[in-house]
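What follows is a short report on a single structure.
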């Protein structure tokens with residue numbers, strides 16, 4: 001019977017960091033979508049935390065308004081996808097390195 005190994009600390013750390021980044025950007029997308037009041041303390045906190053994460057993706061895609069209330073920040077959606085892909089690639093690379101080192 002094959003024993004399942006616990007993920008390494010590095011994999012757990014990467015998953016944790018990527019999860020936090022995804023949560024912050026996801027909250028920003030939702031808050032922007034529903035036109036949350038930017039002067040509310042929680043909204044301002046999320047915008048402040050997400051700004052450096054979104055900086056590399058600014059102006060890649062336009063922000064679109066739908067109706068009078070809904071705004072979609074496509075650059076933030078793109079950033080969310082890219083951070084998720086980067087996290088997945090890093091985890092797969094570490095798993096491959098660890099399994100290769102374990103065979104020696």
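Residue under question is residue 23, and the condition is that it be within 24 Å of residue 82 (Cβ to Cβ), out of contact with any strand residue (DSSP E or B) (no Cβ under 6 Å at 6 or more places or on another chain) and not in a helix (DSSP H, G or I); does it hold?
no
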Within the stretch 1-15, which residues are in a helix (DSSP H, G or I) and either in contact with a strand residue (DSSP E or B) (Cβ under 7 Å, 6 or more places away or on another chain) or exposed (fewer than 11 other Cβ atoms within 10 Å of the Cβ) (or both)? 9
Qualifying residues in the stretch 26-38 (those that are out of contact with any strand residue (DSSP E or B) (no Cβ under 9 Å at 6 or more places or on another chain) and surrounded by 13 or more Cβ atoms within 10 Å (Cβ to Cβ)) - the one modelled with the lowest pLDDT: 36
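For every residue, the table says whether it meets (1) assigned to a helix (DSSP H, G or I); (2) within 26 Å of residue 10 (Cβ to Cβ); (3) under 17 Å from the mean Cα position of the chain (by Cα).
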| position | (1), (2), (3) |
| --- | --- |
| 31 | yes, no, yes |
| 37 | no, no, no |
| 45 | yes, no, yes |
| 65 | no, no, no |
| 79 | yes, yes, yes |
| 83 | yes, yes, yes |
| 86 | yes, yes, yes |
Can you tell me how many residues within the stretch 94-104 are free of Cβ contacts under 8 Å to residues at least 24 places away in the same chain and surrounded by 11 or more Cβ atoms within 10 Å (Cβ to Cβ)? 1
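Yes/no per residue for (1) surrounded by fewer than 16 Cβ atoms within 10 Å (Cβ to Cβ); (2) at negative phi:
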| residue | (1), (2) |
| --- | --- |
| 40 | yes, yes |
| 50 | no, yes |
| 53 | no, yes |
| 59 | yes, no |
| 62 | yes, yes |
| 65 | yes, yes |
| 74 | yes, yes |
| 79 | no, yes |
| 86 | yes, yes |
Can you tell me which condition residue 81 does not meet? The list is (1) modelled with pLDDT of 95 or more; (2) touching a strand residue (DSSP E or B) at 6+ places or on another chain (Cβ under 6 Å), and all the others hold. (2)
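The values are calculated or read from the model by the stated rules, or taken from the named source; none is laboratory data. Because the structure is a prediction, the values reported are computed rather than measured. No Cβ is skipped: glycine too gets one built from the backbone with ideal geometry, and neighbour counts run over all protein chains shown.
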